[in-house]
């Protein structure tokens with residue numbers, strides 16, 4: 001007789017930016033008695049609301065949200081930090097008899113929690129880091145990115161050339177360990193055995209052209225809501241241009257406009273392009289996630305059908321009455 005699975009349940013909803021995770025997560029949370037944990041690497045920062053599509057408090061419909069606004073934009077927050085804070089949040093949610101649900105698009109962060117990655121200290125070299133920073137200033141971001149592509153094409157492929165902080169960190173890891181960061185992260189994933197949770201992983205996808213149209217519309221909405229002023233506010237507060245905050249998607253494209261390096265239309269076009277590329281990288285990452293069950297939104301255009309499909313997947317993993325939660 002098969003032994004019962006006593007691991008605590010964890011529901012995970014992932015997908016590319018602008019696919020529609022937020023609205024569905026609220027619907028599911030209300031039906032399942034769940035609390036939401038943001039799986040977005042940038043929503044942890046205070047004052048970064050518009051560019052991260054952070055759901056305003058008044059629109060959360062009373063559903064508790066965790067790991068939002070927990071640190072300052074000038075601070076660093078790593079995947080290991082997220083794993084530790086998220087694990088604590090999951091434990092707390094379970095202790096109150098609620099279902100934890102991670103919702104987001106930062107693949108490494110989500111996987112690190114789901115499979116208990118063992119993060120290693122790869123060391124640091126401040127002298128090397130400064131040398132690379134000076135190199136970027138002298139030869140440009142593309143030249144620095146090319147150096148990374150030469151030793152770690154996989155990591156270079158998922159980092160934008162303007163993401164100087166992460167590009168330098170990846171080069172630093174190679175310098176200190178002699179191994180590409182992508183190889184070390186792959187080893188961490190490979191070392192992870194059985195998940196500490198009873199997982200239900202759901203991925204949302206849709207036609208690529210339709211997704212790109214939604215992305216363009218989202219960027220336009222962010223700009224109408226005041227994205228430029230939000231970025232300017234961070235700069236005025238002295239947040240370093242090399243910080244994770246101002247290297248984030250939606251922020252790093254606006255900075256050159258504010259510093260006079262790009263005109264407004266060029267900055268907007270760059271932001272839309274970078275967001276489309278980011279969505280493509282997200283999909284590529286999620287396709288390699290174990291146990292992920294994909295739901296194609298194009299095949300379920302009616303919200304009631306989509307909700308029923310999702311509920312069916314969840315009921316197959318967790319002991320919920322599908323008729324009850326779909327009512």
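Quick note: the coordinates plus some simple rules give every number you see, no bench work behind them. What you are looking at is a predicted structure, and each value in this text was computed from that prediction instead of being measured. Note that we place each Cβ from the backbone using ideal geometry, even for glycine, and neighbour counts take in every protein chain shown.
Per residue, the convex hull spanned by the Cα atoms of the stretch 240-327 measures out at 170 cubic angstrom.
Mean residue ellipticity, 222 nm, helices only, the chain: the sum of -39500 (n - 2.57) across DSSP H runs of n ≥ 4, divided by residue count and rounded to 500, is -16000 deg cm²/dmol. Spin-label pair residue 23-residue 266: with each label point 7 Å from Cα along the Cα-Cβ axis, the two points sit 3.6 nm from one another.
How do 301-313, 44-56 rank on mean C-beta neighbours within 10 Å, highest first?
Working: 301-313: 14.7, 44-56: 20.1.
Per-residue mean Cβ counts within 10 Å order the peptides as 44-56, 301-313.
Put simply, when 198-208, 257-267 are sorted by average Cβ atoms within 10 angstrom per residue, most first, you get 198-208, 257-267. Computed from Cα positions, the angle between helix 79-95 and the longest principal axis of the chain comes to roughly 20 degrees.
Among (1) 20.2, 69; (2) 22.2, 72; (3) 20.4, 65, which one is Rg and Dmax of the Cα atoms in Å computed from these coordinates? Derived directly from the coordinates: (1). Between 134, 152, 220, the GNM of the chain built on Cα springs shorter than 10 angstrom shows 134 fluctuating the most. Pair-distance distribution P(r) for the stretch 157-274, from all Cα-Cα distances in 10 Å bins starting at 0: 11, 29, 28, 26, 6, 0 percent.
Contour minus end-to-end for residue 304 and residue 229, with contour as 0.36 nm per residue of separation and end-to-end as the Cα-Cα distance? Could the numbers behind the result be given before it?
Details: separation 75, 0.36 × 75 = 27.00 nm, distance 3.81 nm.
Additional length available on full extension: 23.2 nm.
Backbone N atoms of the stretch 269-302 closer than 16 Å to the 7 Å Cα→Cβ label point of residue 209 belong to residues 298-299.
Anyone know which of 156, 136, 245 comes out most mobile in the 10 Å Cα GNM of the chain? Taking springs between Cα atoms under 10 Å, the residue moving most is 136. Note on the stretch 109-153 and the stretch 191-223: Cα centroid distance 25 Å, given to the nearest whole angstrom. Remark: 217, 183 ranked as 217, 183, counting other beta-carbon atoms within 10 Å and listing the fewest first.
Between residue 95 and residue 124, how high is the FRET efficiency from 1/(1 + (r/R0)^6) when r is the Cβ-Cβ distance and R₀ = 30 Å? Nearest 0.05. About 0.25, to the nearest 0.05. If you bin all the Cα-Cα distances of the stretch 25-97 at 10 Å, starting from zero, the percentages per bin are 18, 50, 30, 3.
Computed over the chain with a Gaussian network model linking Cα atoms closer than 10 Å, the most mobile of 29, 248, 150 is 150. For the stretch 126-185, the percent of C-alpha pairs falling in each 5 Å distance bin, counted from 0 to the bin holding the largest distance, reads 4, 22, 35, 25, 12, 2, 0.
Give the peptides 270-277, 288-295 in descending order of average Cβ contacts within 10 Å, highest first.
Numbers: 270-277: 18.0, 288-295: 14.1.
Ranking the peptides 270-277, 288-295 by packing returns 270-277, 288-295.
Suppose R0 equals 41 Å; then what is the FRET efficiency for residue 149 and residue 58 from their Cβ-Cβ distance, rounded to the nearest 0.05?
Numbers: r = 44 Å, r/R0 = 1.08.
Efficiency, rounded to the nearest 0.05: 0.40.
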